[in-house]
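The values are calculated or read from the model by the stated rules, or taken from the named source; none is laboratory data. For clarity, every value in this text was computed on a predicted model and none was experimentally measured. For neighbour counting, all protein chains shown are included, and Cβ atoms are generated from backbone atoms with ideal geometry for every residue, glycine included.
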Amino acid sequence: MKRHIDFAPMSRRSFLRWSALVGSSAVAVKGASASKRLFVPASAEIPVGGSSTERMIRVGCPSHNCGGRCLLRVTVKDGVIVRIDGDDRPYDGVDDPQLRPCIRGRAYRRRQYHPDRLKYPLRRIGKRGEGKFERVSWDETLDLMASELRRIRDAYGNEALYVPYGTGSYNQTNGRQTAQRLLNLFGGCLGFYNSYSWACISAATPYVYGTSVTGNQRQDWLNSRYILMWGWNPAEMRDGTNTEYILRKAREKGARTVCIDPRMTLSAVSLADEWIPIRPGTDAAMMSAMAHVMIEENLVDAAFIKTHCVGFDAETLPEGAEGAESYKDYILGTRDGVPKTPDWAEPLTGIPRATIARIAREYATIKPGVLYQGYGMQRRAYGEQVVRAGCVLAAITGNVGISGGWASGIALQAPDGGPFWLVFPTGRNPVRAMIPSYLWTEAVLRGKGMGPEDGLRGAERLETDIKLIYAVASNAIVNQHGNVNRTAEILKDESRVEFLAVQDNFLTPTARFADLVLPVCTQFETWGLEDGWKYGDEVILMPRIVDPPFETKSDYAICAGIAERLGFGEAYTEGRTEKDWIRWSLDYYRKTRFPGLPSLEEFEEKNLGVYSVPVTKPAVAFEAFRKDPVKHPLPTPSGKIEIFSKRLHDMNQPDEIPAVPKYIQEWESPFGPEAEKYPLSAVGHHYLSRVHSTMENLDWLEEAFPQRLFINPLDAAPRKISNGDPVRVYNDRGAVVLPCRITPRIMPGVVAIPQGAWWTPGPDGVDRRGSVNVLSSERWTPLAFGNAQHTIMVQVEKAEKT
Amino acid sequence: MTAVKQWGFFFDAAACSGCKACQVACKDRHDLKAGIHWRRVYEVGGGVWTPKGKAWEHGVLAYNISMACNHCRNPLCADSCPTKAITKRPDGLVLLDTTLCIGCRYCEWACPYGATRFDAATGLVTKCTFCVDAVDAGEPPACVAACPGRALDFGDFDDLKKKYGGTGRIFPLPEEDQTEPALVIRPHRDCARAEGAAVDVINWEEV
C-alpha cells in the first residue's frame, strides 16, 4: 500500500486559535459601545434562495487597490447581502475572460457585516493614539472639520494642509480624491507624487525608455516562448485579474516559465516550470552576471543594440559623456577591476553560478522572451537599479518592440497606457509644491525649508511644516509607513500635526491616532465605477446595492458637507449626487476609450455589471520604434533606449545614482556589519488575506491565510523554534511577536511577514499582530525618493507563550 | 442531456496556486462559519536545502490539493452512519440529512479524505452537497465556478475521465480502492517526486 496521510479531521485537527486573534477591538468607544451590532452571522439561519424579494445584481468588487478588478454577482434580500458569486458571463476565452474574484471579494460579507465597522463620528477624548473616543453628531463633526481647516490655513497657509497617499478605497466617488477636490477648492494643499507601490519602477523606467507605457497587452504572452517571472507573484498580489489565467494559456502554448523569488510563492507553484530562490536585494547582481554571460558568449543582439540603444559600450556613449564608464565597462570590470561574472554573483545572490549562466543563456536564446519585473524588489534601498538592469537585459537581447517579447519596466499597457483608474475631477491644486509621498513625516518634522534635495517639486522651498492631515481611506499614516514606532511618536506630539482627521470603515491603527474619526459607508453602499487595474479593457459599474448602516456616509457626501460649511458646497457638487458623477464618469469613458460603452440606464436595465472589449490583436509596446527608430524615436534625450543615461550621469552621484544600472550593496544587508546583530533578511510580501491593510480581521480570510512568520527549517532549528511557536522578530526599530510557520518554501537566511497586519502594541510596545512596518525603515531611495520598506534585517528568537 | 450516473469533480493540481477561492466561495454559498471547511486546500511540501559554497541548492517541491467530498462510489461514511443520515442519490451524490444526524461522528472516522466536518456548536456533522440545488438547476458548484486558475471542473465521472485522463490519486491521498472517489486529478509535476520523499501536508492549521 502506498504511503498516505489520514485526512480525518479528528486525528489531525488542533483547535484553531484565530478567533483569539481576530477578536473585537479593545478600544473604548464612549456612547457607541452599547449599540446594536450590525452583524449577520454566517450560519444556516441566513435565508438563501426562493424569495420574491431577492435579487441578484452584477457589481464591481469593491476597489481597494489590489491588482484585480473583478465582477461579483451579489444577492440581496430584504436589504441584506446574502450571497456573493463570481462572474457568470458565458464566454471565458483568453481574449475576454471572466473576471473571477479571489477570496477577498468572495469573503466580502465578512467585511460588510463586521461588528467592528465604524458606525458614528468619534472625537478623541484621551491622549492622541490612546484610542479613547466619544460619539459626536455629524453637525459637530462637519463644523469641526471646517473650523480646523480654516484655523490652520489662516495660521500657516494652505501648504500646511495635507491629504495623504492612501488607496483603501479607490474608485471615482470613493477615496481620497474626494478630499483632494475639497482642498483644491479651499485654496489648495501640499501635494505629493509617486506611491508606496511602485515609486522606483515608475521613476526609473522613463530614464530608460522615456515613457511608462512599456507593456504589451497580456494576451501577447501567448506568443512568448520564455517567461522570466522575476519577483513577480500575480497569483497572490493579483497583478490584473486573469494574469494567472493568461500565463497558464501561454504555458499551454509552450512557453517555459521560470520564477525568481526568495519565496516559493503561489505563483511559483502554479505558474512556473522552475523556482530559483534569490537573496533579497541582490537581483541586480544576478542581472549583471547574466549580462556578463551574454557578452562573453556573444549572445547579445548586437545589431539591435547598435541601432536602438545608447551607452552599451564606449562607441555608443551619448554626446557629452564620452569617456564615461559604459555598461559593458561595468559588466566586464574594465574600470573597477571586478568582472560581474556568475562567480561574482554566486555568493551575493545565493544562486549557483551554473544556474545563473543557464538562465542567461535561456533568456538570450529562447526568443521571443519576457522578463517581467515584480514590484517587491523595487521597494528596496536601491530599487531604481533593479528596474533599469531588467530593462537593459530586455534591450540587449532584442526583446523590445516585438510580439512575444517584453521591454520590462513598469509596463503600463500599450497602446495608450491602459486603464485610467480615477476620472473623478479633483480640479487644479493652487498649491504647486509636491513632496514625494514617502517623505510626509519629513514634512511634518522639518517641512519648512525642505527643497529639491528632499525631492520637493513645484516650489523652491516649503514655507511650513504639515499641520493638518485629512486621511481618507489611508492607513499609510501609521500602519503602512516605514518604522511605525517612529511615526507614532511623531503623531503623539500634538504641537506638530495639530489636527488629524481620519475617514474610514474601521478604526485602523491610523484612525486610533485621529482627533476626529469620520465613518464611511462601504462601496456597496454608494455609487462607484472602476476600470481595469494595470491591464484589462473593461469598465465595471458599482451601483449602490444596500443602504449605508447607522450614521455612515460616503466619502463624497462627507466632503460635500464640509464644502457646504466652507461656503462652496455648490462648487463642490456642481449639483450632482454620487450617481450623477458615475453617469458623468461613464460619459467620460465613452468619449475617451470606449465609444461603445452603454449608458447607465442600459447597465441598470440589463444588469450588465461590466463592459469589456475583447483583446484579439494584442498591442505591442515600441513596435513603431522597433521598425524605424529614426522616424519613431523614443521620448528620451537620445531618442533611443538609454542603457547609459546622461541625465543620471549629470546628477554626479555615481555611488548611488550611477549612469548605468549597477548592483549596490544595500544599507541594511547580510553583507554589512549590521548582519552580526540582525542576520536575517525580512520581506513583507503581499498576502491573499488582505489588500495591503484593508480586509484585516476577517475570519474567513484569517483562517485561510493566517498571519505568520515564514521561516526555513535551517533557520528555525538553531533557534530551537518549532512549527507554530510564537516568535519574536526584532531589530533596532522595534519588535513583533507572532506565530511562525516553518516551511521549506522560503530561502535560508530569509524570513517573511505578510504586510498589512494591523499594528497592535502591547503594554511593552511590542506588536502582537505582526505588522512588518514595525521593523521597516522610513529611509528613502536616492533617485525616486521612494519607500525601501523591504530592506530589513532582523533577528528571530523563540518568544514566551503569551 | 442523458442522466448523470455519477457526478464527480476534476482537479488540476498543476494549475492550482492554493489561493482558496474555492474554499471561500463554498463558505459564502453555504454560510459556513470559520473553522468549518467543506472544501479544503491542502498544501503539500517538502524537500531539502543543501549549501553549495556560498550558494544554495534545493530540492523543494510543493503543490496543492483542493478537495471537497469526493462523492465516492463506495461511500464508507454512509456505511458507517447508524441513522442512515448519509445516502447516495441515483446521480451519485453523497448527501447528509442533518435532521437525521445524531453527531456520533462515525462518518469522520470512516472517511479517509476528511470530508465530513463536525460542528461543535450544533453537535452535528456537515459536509459538501456538491451545491446540489445549483447542479440540479444546471449550474456549476460554487467552487468550480470560482477558480481563478480554472483548475476545477465537474461532470459525469466517466466523462471527466475521458476528457482529462488523469488519475484518482496523488500523494498523499489514500488509495482509490478504499472508497472509489469520484475524483479525477491532473497531477502537478512534483507529485511523482513527493511519493518517496520527506514530504507532508504543511498547512494543517488551515484545513
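Report yes if some residue within region A:121-132 is more than 23 Å from A:Leu468 (Cβ to Cβ), touching a residue at least 40 places away in the same chain (Cβ under 8 Å) and in contact with a Pro (Cβ under 8 Å, 6 or more places away or on another chain); otherwise report no.
For region A:121-132, residues more than 23 Å from A:Leu468 (Cβ to Cβ), touching a residue at least 40 places away in the same chain (Cβ under 8 Å) and in contact with a Pro (Cβ under 8 Å, 6 or more places away or on another chain): absent.
Just give me the residues in region A:73-96 being more than 9 Å from chain B (Cβ to nearest Cβ) and either of a type in the set (A, V, I, L, M) or under 15 Å from A:Val615 (Cβ atoms) (or both), in sequence order.
Residues of region A:73-96 that are more than 9 Å from chain B (Cβ to nearest Cβ), as a first pass: A:73-81, A:89-91, A:93-96.
Within region A:73-96, A:Val74, A:Val76, A:Val80, A:Ile81, A:Tyr91, A:Gly93, A:Val94, A:Asp95, A:Asp96 meet the criteria.
In region B:118-137, what count of residues is obtained for those that are more than 15 Å from B:Asp91 (Cα to Cα), in contact with an Asp or Glu (Cβ under 8 Å, 6 or more places away or on another chain) and of a type outside the set (Ser, Thr, Tyr)?
Looking only at that region, the number is 2.
What are the residues in region A:247-260 that are in contact (Cβ under 8 Å) with a residue 60 or more places away in the chain and within 11 Å of chain B (Cβ to nearest Cβ), if any?
Result: A:Lys249, single match.
Which one of A:Ser638, A:Ser681, A:Ser669, A:Ser599 is exposed (fewer than 14 other Cβ atoms within 10 Å of the Cβ) and hydroxyl-bearing (Ser, Thr, Tyr)?
The unique qualifying residue is A:Ser599.
Looking at B:His71, is it on the phi > 0 side of the Ramachandran plot, buried (at least 21 other Cβ atoms within 10 Å of the Cβ) and either within 9 Å of chain A (Cβ to nearest Cβ) or not charged (D, E, K, R) (or both)? Reasoning before the result, please.
Values: on the phi > 0 side of the Ramachandran plot: yes; buried (at least 21 other Cβ atoms within 10 Å of the Cβ): yes; either within 9 Å of chain A (Cβ to nearest Cβ) or not charged (D, E, K, R) (or both): yes.
For B:His71, the condition - on the phi > 0 side of the Ramachandran plot, buried (at least 21 other Cβ atoms within 10 Å of the Cβ) and either within 9 Å of chain A (Cβ to nearest Cβ) or not charged (D, E, K, R) (or both) - is met.
Among the residues that make up region A:232-240, is at least one of them out of contact with any strand residue (DSSP E or B) (no Cβ under 7 Å at 6 or more places or on another chain), under 17 Å from A:Ser408 (Cβ atoms), at pLDDT below 95 and small (Gly, Ala, Ser)?
Looking for residues that are out of contact with any strand residue (DSSP E or B) (no Cβ under 7 Å at 6 or more places or on another chain), under 17 Å from A:Ser408 (Cβ atoms), at pLDDT below 95 and small (Gly, Ala, Ser), one finds at least one in region A:232-240, hence yes.
Quick one: in region B:145-176, of everything that is away from chain A (no Cβ under 14 Å) and in a strand (DSSP E or B), which residue is farthest from B:Ala62 (Cα to Cα)?
B:Asp156
Report the residue count in region A:58-80 for those that are of a type outside the set (Val, Ile, Thr) and either free of Cβ contacts under 8 Å to residues at least 24 places away in the same chain or over 17 Å from A:Asn174 (Cβ atoms) (or both). First the steps, then the outcome.
The first filter runs over region A:58-80 and keeps only residues of a type outside the set (Val, Ile, Thr), leaving A:58, A:60-73, A:77-79.
Next, from what is left, pick out any that are either free of Cβ contacts under 8 Å to residues at least 24 places away in the same chain or over 17 Å from A:Asn174 (Cβ atoms) (or both): A:58, A:67, A:71, A:73, A:77-79.
Selection size over region A:58-80: 7.
So, in region A:349-374, how many residues would count as being within 25 Å of A:Thr205 (Cα to Cα) and touching a helix residue (DSSP H, G or I) at 6+ places or on another chain (Cβ under 6 Å)? It would help to see each step written out before you state the result.
We begin by selecting, within region A:349-374, every residue within 25 Å of A:Thr205 (Cα to Cα); these are A:349, A:356, A:359-374.
From what is left, the residues that are touching a helix residue (DSSP H, G or I) at 6+ places or on another chain (Cβ under 6 Å) are A:349, A:356, A:360, A:364, A:369, A:371, A:373.
Number of matching residues: 7.
Regarding region B:20-36, can at least one residue be identified that is touching a Pro at 6+ places or on another chain (Cβ under 8 Å), at the interface with chain A (Cβ under 8 Å from one of its Cβ atoms), touching a residue at least 24 places away in the same chain (Cβ under 8 Å) and crowded, with 21+ Cβ neighbours inside 10 Å?
Within region B:20-36, one or more residues are touching a Pro at 6+ places or on another chain (Cβ under 8 Å), at the interface with chain A (Cβ under 8 Å from one of its Cβ atoms), touching a residue at least 24 places away in the same chain (Cβ under 8 Å) and crowded, with 21+ Cβ neighbours inside 10 Å.
Here are the criteria: (1) without any contact (Cβ under 8 Å) to a residue 40 or more places away in the chain; (2) closer than 26 Å to A:Pro280 by Cα. Tell me which single one A:Glu315 does not satisfy.
Unmet for A:Glu315, out of (1) without any contact (Cβ under 8 Å) to a residue 40 or more places away in the chain; (2) closer than 26 Å to A:Pro280 by Cα: (2).
Could you list, in sequence order, all residues of region A:314-335 that are among the acidic types (Asp, Glu) and farther than 20 Å from A:Asp655 by Cα?
Those that are among the acidic types (Asp, Glu) and farther than 20 Å from A:Asp655 by Cα: A:Glu315, A:Glu319.
Look at B:Tyr106 and say whether it is under 20 Å from A:Phe7 (Cα atoms) and at the interface with another protein chain (Cβ under 9 Å from one of its Cβ atoms).
Against the criterion (under 20 Å from A:Phe7 (Cα atoms) and at the interface with another protein chain (Cβ under 9 Å from one of its Cβ atoms)), B:Tyr106 does not qualify.
Considering every residue within region A:728-751, establish whether at least one is of a type in the set (S, T, N, Q) and outside any loop (DSSP other than H, G, I, E, B).
Yes - at least one qualifying residue is present in region A:728-751.
Failed condition for A:Ser408, given (1) of a type in the set (S, T, N, Q); (2) surrounded by 24 or more Cβ atoms within 10 Å (Cβ to Cβ); (3) within 14 Å of another protein chain (Cβ to nearest Cβ), with all others met?
Against the list (1) of a type in the set (S, T, N, Q); (2) surrounded by 24 or more Cβ atoms within 10 Å (Cβ to Cβ); (3) within 14 Å of another protein chain (Cβ to nearest Cβ), A:Ser408 comes up short only on (3).
Within region A:261-314, which helices (runs of 4 or more DSSP H) (wholly inside it) include 1 or more residues that are hydroxyl-bearing (Ser, Thr, Tyr), surrounded by 24 or more Cβ atoms within 10 Å (Cβ to Cβ) and away from chain B (no Cβ under 14 Å)?
In region A:261-314, A:283-296 are the helices (runs of 4 or more DSSP H) which contain 1 or more residues that are hydroxyl-bearing (Ser, Thr, Tyr), surrounded by 24 or more Cβ atoms within 10 Å (Cβ to Cβ) and away from chain B (no Cβ under 14 Å).
Taking B:Arg89, is it more than 30 Å from B:Asp200 (Cα to Cα) and either within 11 Å of chain A (Cβ to nearest Cβ) or surrounded by fewer than 19 Cβ atoms within 10 Å (Cβ to Cβ) (or both)?
Against the criterion (more than 30 Å from B:Asp200 (Cα to Cα) and either within 11 Å of chain A (Cβ to nearest Cβ) or surrounded by fewer than 19 Cβ atoms within 10 Å (Cβ to Cβ) (or both)), B:Arg89 qualifies.
Read through the list (1) over 24 Å from the mean Cα position of the chain (by Cα); (2) part of a strand (DSSP E or B); (3) not small (Gly, Ala, Ser), then give the number of the only condition that A:Ile721 fails.
Here A:Ile721 clears every test but (2).
Restricting to region A:478-507, what's the tally of residues that are outside any loop (DSSP other than H, G, I, E, B), touching a Ser or Thr at 6+ places or on another chain (Cβ under 8 Å) and within 14 Å of A:Ser777 (Cα to Cα)?
Total satisfying the criteria: 3.
Give the residues of region A:337-354 that are at the interface with chain B (Cβ under 8 Å from one of its Cβ atoms) and part of a helix (DSSP H, G or I), sorted by residue number.
Listed by number, the residues that qualify are A:Glu346, A:Pro347, A:Thr349, A:Arg353.
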